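One structure below.
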Amino acid sequence: MSALSILFATSEMAPWVKTGGLGDVAAALPASLRKAGHDIRVLLPAYPALKTAFPEAELVASLPALAPGLPACRLLSAKASGLPLLLLECPELFDRPGNPYLDASGQDWPDNAIRFGLLSRVAARLGQPDSPLDWAADVVHANDWQAALAPAFLHYQGGAASVVTVHNIAFQGCFGREMLAALGLPEHAWRFDGVEYHDQLSFLKSGLQLCSQISTVSPTYAREIQDEHFGYGLAPLLRHRSDALRGILNGVDTGIWNPATDPALPFAYAANRLAAKRANKTALQTEMGLDVTADRPLFGVISRLTHQKGLDLLLTIADGLPDLPAQLVVLGSGDKAMEAGFAELAARFPKQIAVKLGFDEALAHRIEAGSDCFVMPSRFEPCGLNQMYSLRYGTPPIVRATGGLADTVVDVCEDSLADKSANGFVLDGDTPHALWVAMERVCRTWQDKKLWQRVQQNGMRRDFSWTHAANEYVALYRDAIARKA
Ligand code: ADP
Ligand code: GLC
């Protein structure tokens, strides 16, 4: 089969700009597709961190203002371990420190429609006959709302096939009607089966309506978002387009997330060398100022602190943990009330509960390795990467049965132990009490060292590499091209 030319448009990419799992996916999936022989290029804004990381980036195109509200911009080309990047340079929009979406007070940047309208517009242009490069994509792959207007431009102006991947349907990018003309979309696009959504211009709705194929990041989430409760208003549209919708489970970058080679860990270990995992626990307890003890399990959390992640359930019951007995380490940031709640808990139980507010990549690795059990009681979870990282790190997770958590975590029971699929703990319900019961169950199971080791090894031996997902994306791209034709 012929190699494809793919433009992968994203608003973040690890390790340079990452607020969550999209950053990890944007680094690993394109690299896998390139390895499979496809000509893939990643388009993303030239944020300051990228300009610093790639000072040698070469100017490859200067684009005039593409619409009344869009500024002129430039494309710089760079390579990340061989993977071609196209950095969208527009200092007035992207030369801002910190979070790519929010200002210092945690509010959306007021010009996000223009910032990501430009990203979408340029992504489309790279799939159109007048591409500014001597290259044009066969398929434009738009990730999340920030790139999801690209299919609208390709639909109304002509161009390549397009794919939209939903990493989180709760974020839809909705703006005022005046953006239609500002971004250069035609007046007749303002229709319920065009870009209009409840009298707003919705980037995500436009993409889902007008792209050739849709994917999301797990099979269960692909089913869930067709249901009113999970669809955040877009369920009817997704049901209407269900023949174009597929769930492809994310993989894990096994080069980065491997406890045998992870440079962030004080002690390397593997499924057949689990003793050194205990040394990582001691090191983590020391680093976080906890009592150094081997007599109780250490629960770990690494998360955005938002309603999605269900960590308010943990906050409600966490003051019971020291008596369970168990310890807890939390790394996260987000909702200010939740941040304050966790900080206060740590102040009350400094030897049993440790909290670090902020984003810390290396500490995230040490928590995956040093904890006994990872806590992820998400209300919804399109895929979730952290539970997969914890499975690989021999840190069985506690999860709710939703989205990618349901597709990756198998509750410990007689049957799953017999067929060696048991790898974690699934909450029975979505209440603080259900979480408490699950944590008690973890503590009992953990006391049985032989049983615990079997559960750890089941998780560590499961194949989460990207190869399988990359093949499914190639099939999706080919279907998108066929559908467009
Ligand atoms: P989401 O994308 O919804 O936040 P995922 O589980 O898919 O959830 O991915 C989260 C990613 O972000 C993981 O790589 C996780 O380690 C990382 N992460 C989240 N919060 C932090 C933090 N405070 N410090 C370091 N890494 C974090
Ligand atoms: C989103 C989702 C998360 C998923 C990630 C990468 O941030 O919340 O579940 O793993 O995207 O696809």
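Points to keep in mind about this one:
- Whole-Hz Karplus values for the stretch 51-59 come out as 5, 5, 6, 10, x, 8, 3, 9, 5 Hz, taken residue by residue from phi with 6.51 cos²θ - 1.76 cosθ + 1.60 and θ = phi - 60°; glycine and proline positions read x.
- Sequentially through the stretch 100-106, phi angles give Karplus couplings (6.51, -1.76, 1.60; θ = phi - 60°) of x, 10, 10, 7, 5, 8, x Hz, Gly and Pro residues having no value and appearing as x.
- Sites ALA482 and ALA362, calculated FRET efficiency, Cβ-Cβ separation with R0 56 Å, nearest 0.05: 0.80
- Nearest-20 debye value, the chain charge dipole, Cβ charges on Lys, Arg, Asp, Glu: 960 debye
- Distance in nm between pseudo-label sites at ALA340 and ALA475 (7 Å out along the Cβ direction from Cα): 5.0 nm
- In the chain, the DSSP beta bridges split such that about 30 percent are antiparallel, to the nearest 5.
- Mean projected area in nm² (Cα convex hull; one quarter of hull surface) for the stretch 353-395: 3.6 nm²
- On the stretch 275-460, 53 percent of the accessible area sits on carbon and sulfur atoms, based on a 1.4 Å probe.
- Residues of the stretch 275-460: accessible area per residue with a 1.4 Å probe, Å²: 37 Å²
- Inter-part distance, the stretch 1-76 to the stretch 125-194, computed on C-alpha centroids, equals 16 Å.
- Computed label-point distance, nm, for sites HIS198 and ASP103 using a 7 Å Cα→Cβ extension: 2.4 nm
- Among the cysteines of the chain, CYS174, CYS211, CYS373, CYS383, CYS413, CYS443 have no other cysteine beta carbon within less than 4.7 Å of their own.
- The gain in end-to-end length when the HIS188 to ARG441 segment is fully stretched comes to 85.3 nm, 0.36 nm per residue minus the alpha carbon separation.
- Paramagnetic label zone (point 7 Å from Cα along Cα-to-C-beta, ASP111; backbone N under 16 Å) in the stretch 136-155: none
- Ranking LEU345, ALA406, PRO396 by Cα position along the charge dipole of the stretch 275-460, where only Lys, Arg, Asp and Glu carry charges on their C-beta atoms, puts PRO396 farthest toward the positive end.
- Per-selection Kirkwood Rh - the chain (Cα, Å, 1 d.p.): 23.2 Å
- At 0.890 mPa s and 25 °C, Stokes diffusion of the stretch 398-485 via Kirkwood alpha-carbon radius, µm² per second: 162 µm²/s
- Added length on full extension, which subtracts the Cα-Cα distance from 0.36 nm per residue, THR282 to ASP463: 62.3 nm
- Taken about its Cα centre, the stretch 275-460 carries a charge dipole of about 460 debye when Lys and Arg each add +1 at the Cβ and Asp and Glu each add -1 at the Cβ.
- Separation of alpha-carbon centers, the stretch 353-392 and the stretch 417-473, rounded to whole Å: 14 Å
- Note on the stretch 275-460: Rg/Rh from Cα positions, Kirkwood definition for Rh, rounded to two decimals, is 0.93.
The values are calculated or read from the model by the stated rules, or taken from the named source; none is laboratory data. Because the structure is a prediction, the values reported are computed rather than measured. Using ideal geometry, Cβ is built from the backbone for each residue, glycine included, and neighbour counts are taken over all protein chains shown. Just the protein is used for accessible areas: all its heavy atoms, side chains included, with ligands, DNA and RNA removed. Shrake-Rupley method; radii C 1.70, N 1.55, O 1.52, S 1.80 Å.
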